[in-house]
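Please treat every number below as a calculation from the coordinates, not as lab data. In this text, all values refer to a predicted model and were calculated from it rather than measured experimentally. Note: ideal-geometry Cβ built from the backbone for every residue, glycine included; neighbour counts use all protein chains shown.
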Amino acid sequence: MPKHSQKQAPVENAVVPSGQDAVSSSIFRFIGAAKVEATALLAAIVESSEDAIISKNLDAIITSWNHGAERTFGYSAEEAIGQSIRILIPPELAKEEMTILERLGRGERIEHFETVRLRKDGTRLDVSLTVSPIRNHDGRIVGASKIVRDITEQKRFKQQLQEERERLQVTLASIGDGVIVTDLSSRVQFLNPVAEELTGWKQSEASGQPLELVFRIFNEQTQVAVENPVSRALKEGRIVGLANHTVLIARDGTKHPLDDSGSPVRRADGTIIGAVLIFRDIGDRRAAEESRARLAAIVESSDDAIIGKDLQGRIITWNKGAERIFGYAENEMLGESILRLLPPERFTEEEKILEHLRHGERVDHFETVRISKDGHQIPVSLTISPIKDAAGNVIGASKIARDITRRKQTEESLVKTKSELENHARNLEARVAERTAHLQQTIAELEGVSYSLSHDMRAPLRTIQSFSQIVLAEAGEKLEPTERELLQKSISAASRLDRLIRDVLIYSRVSREAIELTTLNVEQLLRQIIDERPEFQSPKAKIEIQTPLEPVRGHEAYLTQCITNLLDNAVKFVPAGRQPEVRVWSKATDHQVRLWFADNGIGIPKAAQERVFGIFQRVHGDKAYAGTGIGLAIVRKAVERMGGTAGVESQPGQGSRFWLQLPREE
Ligand code: ADP
């Protein structure tokens, strides 16, 4: 194939409209001229085109090659024309050319087909192809024209755009606030994860839904639905914020207090194409604000002065309590030195307090004195705590000052009352001691009197007793039986009176005497007592000792008296004809020993069991059982003098169990 000049080729191959009408020759001529002009014009267009315009025949041989092609592929027209079009096709895309040819064969045109081509220097090039068949005058396809547009730049731009979009997506997805994007008709296009979480809608479900459905908001206080900021933003074409107290209801009914805004999304030319809604859950912030407000209210309503100061001692807050206690209004004190409240002699105190604070320490209930506006000294109790910033640095201090004037007054009056009371008590004690001494003296005198009385009474009584016995012995036979009986009665009355006097004497001695305690062998003592008294021995009675008996601390004569009295009663208070049986045993605890005396006697009714230890108390009648009613009173008194106690357990008819409890041997 001959080489064509680049200018010839397009003219030869171009498809030129042919005049088909039957017209006059002049017209033909005109048209012929026009045809030549039009062809030249087309050639010029092709030549000046930025795009590569190439033609090829059906054998894929390049038949024309414009400037654009030269610039795009690097081959000159001379180099390219006559070569196979395959020099431009990367080897892996060889098949593509076949397909193109096939389609051309069918007379199809291929438009904006994006692919890759090779330059002369081997580099690759992104291109968009438009391929059209070239027909000859008969309409037969003889080749193809190819417009090749270099789209490297365009591709890069697209790529950039794609990256930009992805960056935007990632940004929106990772943003801490909820983001919803809508189209012009307020239908949801995009939700980021925070928005998904707050609304409870997934992007896939929400996409295309009306915003009102996905983003349901109402006023927390009025409970009325709030107009969506997006619809207003779209209507008004500006950024619209939400009023306070807006609450979002998520799909599951959870409520989130919201802070949000909607703004229109515009194209570069300013046309609004949708809206973006940005919102955040301010539940935590709201809670923090509420708790701050509560704390502020507490501070404000406190009766105590609550004062904030910086580390230089300048006052930064001043509550109502401070105003009330110190008399200064807030505006008088803010920025002032805290020293204004201190009496000059206490200035060093503030230095010490500041020192504590700088070390982050708290000062608790420090009692001192401050000065009020009118110059009064006010006793106060201070609690001072450091105020720290988020990093933990001490930046100031809060001071709670409590006016303790009242308390101080109360304390003072308490101290006064206490000392008055103490004085009073001392006086009383002195008076009691005085009276007691007086009483003791009186008692001693009385006891002396009763002792000597009793003692002195015994001598004449003995005289009456012995003389009556002599008369009875010597002149008894001469007397009438009634006279003898009278004499007998006076003898026994005298001896009863003697026993009584003896017992009273013992009782009064036991009450008064000073005694010393020693360790006593109870068992030995008991055996001696039994040995000396036939009425405690067989056959008159049976006394069984459960050995060993624990030794005790006591006074020998007193314990002998106690045991004798108990045994006397035990053998006495038995029904007539029954042999008295007594069992004695001991039981020790940590510091005490209890001695038990159980008899088989008539027993004592419950109600009388405590009374029998009183003086002159007798439960059983005089006739059956003789006695003075002093024996058990002596027992209790003697045991108490030895540091112990005495008692009884009994049931009428079932015997009695008397016990003595004494300190244990050390
Ligand atoms: P007295 O034995 O001289 O009557 P006490 O003071 O020894 O006086 O006893 C007071 C009273 O307690 C007795 O009159 C008696 O009624 C009762 N009593 C004392 N010991 C016993 C006992 N072992 N069994 C029954 N009654 C007793």
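The count of lysine pairs in the range 285-413 with alpha-carbon distances below 26 Å, taking only pairs 8 or more places apart or on different chains, stands at 17. Within the range 522-616, the percentage of alpha carbon pairs spaced more than 21 angstrom apart rounds to 36%.
Using only Cα atoms, what Kirkwood radius does the chain have, in angstroms?
Numbers: mean 1/r = 0.0239 Å⁻¹.
The answer is 41.8 Å.
Charge dipole (Cα centre; +1 on Lys/Arg Cβ, -1 on Asp/Glu Cβ; no other charges) of the range 550-615 amounts to roughly 200 debye.
Computed from backbone phi, the HN-Hα couplings of the range 125-142 come to 9, 7, 9, 10, 9, 10, 10, 10, x, 10, 10, 8, 4, 7, x, 7, 6, 10 Hz, rounded to whole numbers (Karplus: 6.51 cos²θ - 1.76 cosθ + 1.60, θ = phi - 60°; Gly and Pro given as x).
In order along the range 284-296, the phi-based Karplus estimate (6.51 cos²θ - 1.76 cosθ + 1.60, θ = phi - 60°) of 3J(HN,Hα) comes to 5, 5, 4, 4, 5, 5, 5, 5, 4, 5, 4, 4, 4 Hz; Gly and Pro are listed as x.
With q set to 0.25 Å⁻¹, the log10 of I(q)/I(0) for the range 146-198, from the Debye formula over equal scatterers at the Cα positions, is -0.94.
Tell me which GluC sites (Glu not before Pro) from the range 267-346 have a DSSP coil assignment and no more than 16 other beta carbons within 10 Å of their own. Please report the intermediate quantities before stating the final value.
Numbers: sites: Glu289, Glu290, Glu300, Glu323, Glu330, Glu332, Glu336, Glu345; in loops: Glu336.
In loop regions of the range 267-346 (DSSP not H, G, I, E or B), the sparsely surrounded GluC sites (Glu not before Pro) are Glu336.
Can you give the extra length, in nm with one decimal, that the chain gains between Glu445 and Ile87 once fully stretched, where that is 0.36 nm per residue apart less the Cα-Cα distance? Let's see the in-between values first.
Values: separation 358, 0.36 × 358 = 128.88 nm, distance 15.55 nm.
113.3 nm is the gain from fully extending Glu445 to Ile87.
The range 497-532 and the range 629-651 have Cα centres lying 12 Å from one another. Based on alpha-carbon atoms, the Kirkwood radius and the radius of gyration of the range 326-390 give Rg/Rh equal to 0.98.
Relative to the present Cα-Cα distance, how much length would full extension add between Glu197 and Glu361 at 0.36 nm per residue of separation? It would help to have the intermediate numbers written out before the result.
On the way: separation 164, 0.36 × 164 = 59.04 nm, distance 4.40 nm.
Going from the current span to full extension adds 54.6 nm.
Within the straight-line cut-off of under 25 Å between alpha carbons, the lysines reachable from Lys255 are Lys202, sequence neighbours fewer than 8 places apart in one chain being disregarded. Taking 7 Å steps out from each Cα toward its Cβ at Ile110 and Ile61 produces label points 2.1 nm apart. Relative contact order of the range 314-419: 19 percent, from C-alpha pairs under 8 Å at least 6 residues apart in sequence. Mind checking the log10 I(q)/I(0) for the range 219-279 at q = 0.13 Å⁻¹? Debye, one equal scatterer per Cα, no solvent, two decimals. Normalising to I(0) and taking log10 leaves -0.38. When you count the other C-beta atoms within 10 angstrom of each residue and take the mean per peptide, 187-198, 519-530 line up highest first as 187-198, 519-530.
For Gly601, nonlocal amide neighbours, meaning residues 5 or more places apart or on other chains whose placed amide H falls under 5 Å from its own, are Gly655, Ser656. With the helix formula -39500 (n - 2.57) applied to DSSP H stretches of n ≥ 4, the chain reaches a computed 222 nm mean residue ellipticity of -14000 deg cm²/dmol.
So how do 587-593, 651-657, 504-510 stack up, highest first, on mean other-Cβ count within 10 Å?
My ranking of the peptides, most packed first, is 504-510, 651-657, 587-593.
Shown here are the Rg and Dmax of the Cα trace of the range 50-196, at 22.0, 71 Å.
In order along the range 84-97, the Karplus-derived 3J(HN,Hα) couplings, from 6.51 cos²θ - 1.76 cosθ + 1.60 at θ = phi - 60°, round to 6, 4, 5, 4, 9, 9, x, x, 5, 9, 3, 4, 4, 4 Hz, and Gly and Pro are given as x. Anisotropy class assigned to the range 176-253 is oblate, per the alpha carbon gyration tensor with a/c at or over the 1.5 cut-off and a/b no larger than b/c. Our summary gives the range 221-298 a relative contact order of 25 percent, counting only alpha carbon pairs under 8 angstrom and 6 or more residues apart.
If you take the beta carbon distance between Thr463 and Phe616 as r and set R0 to 25 Å, what does 1/(1 + (r/R0)^6) give as a FRET efficiency, to the nearest 0.05? Let's see the in-between values first.
Details: r = 26 Å, r/R0 = 1.06.
After rounding, the FRET efficiency stands at 0.40.
Need one word for the range 326-465: rounded, prolate or oblate. Basis is the Cα gyration tensor (sqrt eigenvalues a ≥ b ≥ c); a/c below 1.5 gives rounded, then a/b vs b/c decides.
Details: a/c = 7.40, a/b = 4.02, b/c = 1.84.
Cα axes put the range 326-465 in the prolate bin.
By the rule of a C-alpha distance below 16 Å, with chain neighbours fewer than 8 residues away ignored, the lysines paired with Lys623 are Lys489, Lys572.
Of the peptides 446-456, 372-382, the order by per-residue mean of other Cβ atoms within 10 Å, starting with the highest, comes out as 372-382, 446-456. Here is the tail figure for the range 440-553: Cα pairs spaced more than 16 Å apart come to 75 percent of all pairs.
Which angle from 0 to 90°, rounded to the nearest 10, does the C-alpha axis of helix 522-532 make with the longest principal axis of the chain? On a 0 to 90 degree scale, this one is about 20.
Computed from Cα atoms, the angle from the helix 631-641 axis to the main principal axis of the chain rounds to 50 degrees. Angle of helix 152-174 to the longest C-alpha principal axis of the chain, folded into 0 to 90 degrees and rounded to 10: 10°.
By the gyration tensor of its Cα atoms, with a ≥ b ≥ c the square roots of the eigenvalues, what is the shape of the range 565-638: rounded for a/c under 1.5, prolate for a/b over b/c, or oblate?
oblate
Between Thr246 and Glu220, Leu258, the built amide H atoms are under 5 Å apart, and every one of these is 5 or more places off in sequence or on another chain. Amide H contacts for Ile175 (H built 1.01 Å from N in the peptide plane; partners 5 or more residues away or on another chain; cut-off under 5 Å): none found.
Efficiency by 1/(1 + (r/R0)^6): what FRET value for Leu414 and Asn393, r their Cβ-Cβ distance, R0 = 56 Å, to the nearest 0.05? Walk me through the numbers on the way to the answer.
On the way: r = 44 Å, r/R0 = 0.79.
After rounding, the FRET efficiency stands at 0.80.
Between Lys587 and Asp303, the C-beta separation translates, for a Förster distance of 60 Å, into a calculated FRET efficiency of about 0.40.
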